[in-house]
Each structure stands twice: as structure tokens, then as C-alpha cells.
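As C-alpha cells, the structure follows; a few thoughts come after it.
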Amino acid sequence: MWDDFIDYLKDPLLVVKVQNFFGVIYKNSVRDNEGGGEVMYSERLEREKDNGSDIRQHKRAPSNISSSSQTSYDTDTSGESVEEVECHINNKFWYWLFVIGTALGDEIFYATFIPFWFWNIDGAVGRRVILVWTVCMYLGQGVKDIIRWPRPGYPVKKLQTKWAIEYGMPSTHAMVGVSIPFSVLLYTMDRYEYPVHWGAMIAVSWCTLICVSRVYLGMHSVLDIAAGLLMASGLLVLLIPMVDALDDWLLTHWLSPAVVLAVSVLVIVYHPNADKWTPTRGDTTMIVSVCAGILTGSWTNYQLGNMAPAPTPPPYTIIWPSIDMLGNTILRTILGFCGVVATRAIGKSVSYAFICALLGKDKNELRNSENSLDNKNKIIVELCYKYFTYGMIGFNTVFVFPNVFYLLRINRPTYYTEI
């Protein structure tokens, strides 16, 4: 029974049905010879599957499709040659909503959400959320390269190909959809006075949008999503109290930065290896290094005497911004993001050239070389420059930029009391 249920959740046709429901049409003007009417393309494949036909024998979807259709080659790891599948996006609202939804688990979201949270909302909650997110993402990315299940194959049309080369099980987007909004909710519900049910509704909506977007875009099966949700939920039960207790040690102990840097390097070095090159290890390096930079920057603030406990215990009343506070928020955000972009540009250029020089390799030649597990030098350089660059972004986000804001007298008043 369980095998049948898992096969059902893993079935590519279930992904096609979800896409059909939200207006992705696999040119469904297919005449039903039995009933005389028209049937959905997914329904036709379902019938043929029930009759014992292998859907992978279909070399091409119906070709009479409008000029606005989008096409892509399917990445089926079974070794069988399957030609491209064509479809038409019939409902632009759902398409753009789910594109925005999937961006909530993308690098651009991390690069904007994390700094904005520290500069404008709450550093104590931010440190805890980032650590929970990092552990969830590291384990999820590692499990992907251990299980090595491909993303949905034929006849699913992938409406996004950015992560198509990665494995799909579990969905780390689903894990982000649990780890970030629900850890924010759990760490703020006793710290601030606000309607918790509204926070819960936002967290559930946030998570749902991300999860449905991954199926809609053809990047994950329903089973991938379910596994990501279950894995992240289980980790959250363990991590929320553990991280809350660990935060004080990470912030105050003199050994904290040495431990953080050592652990972050070790988990990158011993990240599970896939049987092919994927961007998973590089993306994991960015996540781990950002966390290491944030924790080290927060520790530096504390050791320099910049941080002190709040004069009153929680829960706190939320301070809604005045006109002056709103202006400072906008100014902090603009200046801070300019600093983040500059840090990334300078850090990437300098560190990439430096590591290439240490290895005796030409940086331009190495950068343009192929991505493969055999190209050891490129892997080393990529991991090293990402670790340094994104670690510096994390460090600058919580130490350098807030101190600059303080000198400019635009810093958030409660920043240095958020322990």
C-alpha cells in the first residue's frame, strides 16, 4: 500500500495535473475517440498508462501549439531519448505568482531578506533564524546528493530550468518554506506583542506558495515537496530550542569564532558528493559562509562592548516607524545594499584571483573551463571564493554596516540591545 502511495506522489502525471489546474496547457485539443469530446493531455496519458502503455514511448507532445508556447528539453536520467514537450501558459496570474513564490527560496531573496531583517527588525531573532535555516539547508542539500533522485521527467514541462541539473529529493525550497517563516514565528511570538494567529496565517501562506510554485514550475514531484516539509518540520522541533540555548554561547564565548569557522569549513569539505557535478555544493557553501560571517560579526560586536542586554525583559511592544524612522530605514537599506553589492564584487574578484594564483592557474581559463567532478581546481577555487566572499557579506551585514549607520546617526535604536 505504501509503495503504491509513494509511486502516486512521485508520478510525473500528478505534476502535469497540478500544472493543468493552474492553466498550463499541454496543447490539450486531443480528440477522444471513445466519447467524441476533447480531453486533457494528462488525462490521455493517464488512460494509456492504465492500459499498460509506457508514457515515455511518446516521442513528442502534440505539435499544433500556438506561437507563444514555451519549450525545453526534458532531463530524464533514465537514458531514454525523449524529445521536447510543448505547452502554453494560459493563465499569466498564476504563472507570475508562482515565479514570485519560488523566488522566496532563491539567492536574491536571501541577499535582501537577511540584511533587511538585521538592519531594520531584530538581530536576536535574525541570528537564530539564520542558524536554523543554515542547518536545514545543509542537511537538505546533502540528502539530495545522497539519494540522487532526479526531478520530474517526461512528460512534465519544466517552466524554470535554473536548478534543473540538481537532484530533486527532498525539495529544499519546501524546507526553506518551513524553516524561515515558522522559525520567525516561533522566535517572535514570545518576544513581541502581536496577534500570533496572523503570524501563523502568514507563515502557512508563505510555505504553501513556495511549495505549490515548485510543482507548478515542474521542478519537483509532490513526493519531493512532502519529504522536504516532513524533514524541515522534524528538524524544527529539534533546532528551535537547541539554537535558542546555543545563541548565548555563540555570542559571548571567546572560542565561538574559532568553532564557527572550523565547523563551517569542515561541513563544506565533507559535503556529500554526487555522481555528477551540480551547483548544490557551491550553493551550500554560500549558505554556510553567510551564517559563519553573521555569527562572527555578532560575536565581534559583543566582544567590543557594543552590545548590552535590554533594560526590560520581553515581550516587547512593536514600535511602528514614524516618518523620521521610516526615512532612516530607507537610507539604511539603500546604503547597506550598495555595500553588499560592493562587498560581493570586490570579494569575488580578489579572492578568485588570489586562489588561482596560489594554484598557479590562469583565472580566465579556469573560469571558462567545464564544470565537472574531474575539474578539481575549478571546484576548489569556486568553493574558496564563495566561502570568503559570502562570509564577508555576512560579517559586514551585522558588524561593519551597522557601525557605519551608527556613525551616520541612522542606526536602529535597539540594535545593540538585541541579545
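Within segment 370-401, the set of residues being part of a helix (DSSP H, G or I), over 19 Å from Tyr352 (Cα atoms) and out of contact with any helix residue (DSSP H, G or I) (no Cβ under 6 Å at 6 or more places or on another chain) comprises Val400 only. A single member of Trp299, Trp277 is touching a Ser or Thr at 6+ places or on another chain (Cβ under 9 Å), closer than 30 Å to Trp149 by Cα and not hydroxyl-bearing (Ser, Thr, Tyr), and it is Trp277. If only residues of segment 176-192 that are of a type outside the set (A, V, I, L, M) and either free of Cβ contacts under 8 Å to residues at least 40 places away in the same chain or loosely packed, with under 13 Cβ neighbours inside 10 Å (or both) are counted, the one that is farthest from Ile100 (Cα to Cα) is Asp190. Among the residues that make up segment 171-179, is at least one of them touching an Asp or Glu at 6+ places or on another chain (Cβ under 6 Å) and more than 20 Å from Ile419 (Cα to Cα)? Checked segment 171-179: at least one residue is touching an Asp or Glu at 6+ places or on another chain (Cβ under 6 Å) and more than 20 Å from Ile419 (Cα to Cα). Checking each residue in segment 307-362 for being touching a residue at least 60 places away in the same chain (Cβ under 8 Å), among the aromatic types (Phe, Trp, Tyr) and in the same structural domain as Tyr387 (by TED's automatic domain parsing) picks out only Phe337.
It is to be established whether one or more residues within segment 189-202 are touching a Gly at 6+ places or on another chain (Cβ under 9 Å) and not in a helix (DSSP H, G or I). Yes, some residue in segment 189-202 is touching a Gly at 6+ places or on another chain (Cβ under 9 Å) and not in a helix (DSSP H, G or I).
For segment 193-225, which positions are touching a residue at least 40 places away in the same chain (Cβ under 8 Å) and farther than 23 Å from Asn20 by Cβ? Glu193, Tyr194, Trp206 - these are the residues of segment 193-225 that are touching a residue at least 40 places away in the same chain (Cβ under 8 Å) and farther than 23 Å from Asn20 by Cβ.
The values are calculated or read from the model by the stated rules, or taken from the named source; none is laboratory data. Computed from a prediction, not measured in an experiment: that's the story for all the values here. Heads up, the Cβs are rebuilt from the backbone with ideal geometry, glycines too, and the neighbour counts pull from every protein chain shown.
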